[in-house]
Structures are given as C-alpha cells and as structure tokens.
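One structure below.
The values are calculated or read from the model by the stated rules, or taken from the named source; none is laboratory data. Owing to the predicted nature of the structure, the values given are computational and were not obtained by experimental measurement. Here the Cβ positions follow ideal geometry from the backbone for every residue, glycine too, while neighbour counts run over all protein chains shown.
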Amino acid sequence: MIDNKSVFIPTRGRVNRQITLRYLKPEIAGWKTKIIVPEFEYKHWLNSDYPVATVPDDYNFSQIRQYIINNFKEEYHIIADDDLRFYKRIKNPSATSGLALQKTEDVAPILNIIIGLLEQGFTHGGLSERFGNVFHENDIKYDTRCTRFHFYNRDILCRQNFKLDDVVTKQDLHSILSMLELGFSNAVIYNFCQEQDGDNSSGGCGWYRTKEVTNQQAEHFVTLHPKFSKVIEKNVVWNGVKGKIKDVRIQWKKAFGSRSMERVENEII
C-alpha cells in the first residue's frame, strides 16, 4: 500500500458546515486530507486542522478539479463534495432501506476498498448514491455513473491528457464517460454509499449553476459525446418554480473503449 494518497474536499461558502469532514476521517486509513477553497475565503481557514490550498475566486468546480489533477502529485486521489453523509448496507433488509448511518470510526473500510480497487488496476471509480442503492445486490458495479465522490489514479489521467474543465457543469458524468471511451473501466462501490446533506443548499456551485447554464451545458455535453449521450427534458422545481430543464441520458456500457477502437480503425485505414 502506497503513502502518496490524498482526499481533496473543494468547498465554498460553507466554512462552518463541513458535513463530509464530520463523517469521513481519511487519516484513519492512512490518507491525507486537503481542503481547496477560493482565495477570498482563505483567511477563514487559517486555523484549520488540515492543509488548505487556494484557487482563483472565479473557478468553477470543473476548473477546481482540473487544478487538483494538474498540481497535486499524489498517485491516488479522492475528490469528495463537502456536504456528504455516508452509509453502509446492513444485514437486516427490513430496516430503513437496508441502510444505516455510517459511524466515523467505521469509514476506514470504504477507503481500504478504494485502495484495493486502484491497486487491482482500476483507473477511476466512486461511491454510489444512497438513492437506488438497495436495488443493486452486488457490492461493486462496473462501467456506470457515480456522482459527488470519486477516486482515480492521477498518473494515468495525466498520461491521457485528461481535461475535466471542458465542461462547466456535469463534470462527474463527463469524467466517467471520457475515461470509459478511452477504455478504462470504472468501479462503483455499492456496499457503502453517500448522499448530500439536505440542509446545506447554500454555498457550493450555486453561484454559477443557473438554469440557463445547466441547459446550455446539457447541449454542450452531447457535442463532446455525441455517440453515447442525448439531451432530454426533466420536470423539476427550480428556486421554488416548477418547470422543465435539460439533462442528458448516457449509454455507459456502449461507450466503453470506443475511442480506442476508433484509433485502431484509423491506423488500419
């Protein structure tokens, strides 16, 4: 097991509401924690128990994640949203959705599973969402979506000239689909899961993720992945108003290895 592994938590507008850090104590499993904040908030983190790095105030989340990949040399990275609670499956399926709130001292197994997957050769993966988790019986699901909590082998992403900041929103989906297209399988953990804390809607990416940007980025996403995604419309409530918003539907497993195959075909031609 290597020592150069870190958990990165980008945060904005939530100095006193660090839900992820409350439940996730990476040091238990030998990981280091680093907080990434906009420059204007750095003064509020001077007494932090964790190393703090700054990014320009106008960086969106995609740019922040690309900054982490470019500038932090650890081989193994985890990037987690700052407002996550963690859960595990329990043996009694008659209990609430078959899940229980994870105790802080029990989080180490999640991080140890991630190390095992990375050392098996998986380039990227994540932790499943709590919603829908119990419908998948297996502990691991492959070549599929995940959000909010990601792990990856940074060295491989760099060798592939990985560009997460090609998008403004949907960076989770863009990163997964890009790597699948290149032929790098992912692994999503299902015997543990995460969900966003419902009381922390302020802060985060809300300052730039408007309805207009979301619609535009759905269209942009499809231009980047035209063979395996399409724009759909969803009924939502946005800032208290009911309406429609554009989203994307993705064919994850069909995408696997498509760019690799294109390179082979081009070489043959």
Name the pairs whose Cβ atoms lie under 7 Å apart, with the first residue in the range 219-234 and at pLDDT below 95, the second acidic (Asp, Glu) and surrounded by 15 or more Cβ atoms within 10 Å (Cβ to Cβ), and 6 or more positions between them or separate chains? Lys234/Asp247
Within the range 1-24, restricting attention to residues that are among the hydrophobic types (A, V, I, L, M, F, W, C) and part of a loop (DSSP other than H, G, I, E, B), which residue is modelled with the highest pLDDT? Val15
Give me a count of the residues in the range 133-186 that are crowded, with 17+ Cβ neighbours inside 10 Å, among the small types (Gly, Ala, Ser) and more than 22 Å from Ile115 (Cβ to Cβ). 1
Considering the range 198-239, residues that are in a loop (DSSP other than H, G, I, E, B) and more than 21 Å from the chain's Cα centre (by Cα), and then whichever is surrounded by the most Cβ atoms within 10 Å (Cβ to Cβ), we arrive at Lys227
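How about the range 187-196: which of its residues are among the polar types (S, T, N, Q) and surrounded by fewer than 23 Cβ atoms within 10 Å (Cβ to Cβ)?
Quick first cut of the range 187-196, residues among the polar types (S, T, N, Q) only: 191, 194, 196.
Asn191, Gln196 - these are the residues of the range 187-196 that are among the polar types (S, T, N, Q) and surrounded by fewer than 23 Cβ atoms within 10 Å (Cβ to Cβ).
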Filtered residues of the range 37-57 (kept if touching a residue at least 12 places away in the same chain (Cβ under 8 Å) and among the acidic types (Asp, Glu)): Glu39, Glu41, Asp57
Would you mind finding the one in Trp238, Trp207 that is modelled with pLDDT under 90 and more than 18 Å from Gln171 (Cβ to Cβ)? Trp238
Within the range 28-72, considering residues that are exposed (fewer than 14 other Cβ atoms within 10 Å of the Cβ) and of a type in the set (D, E, K, R), the one modelled with the lowest pLDDT: Asp49
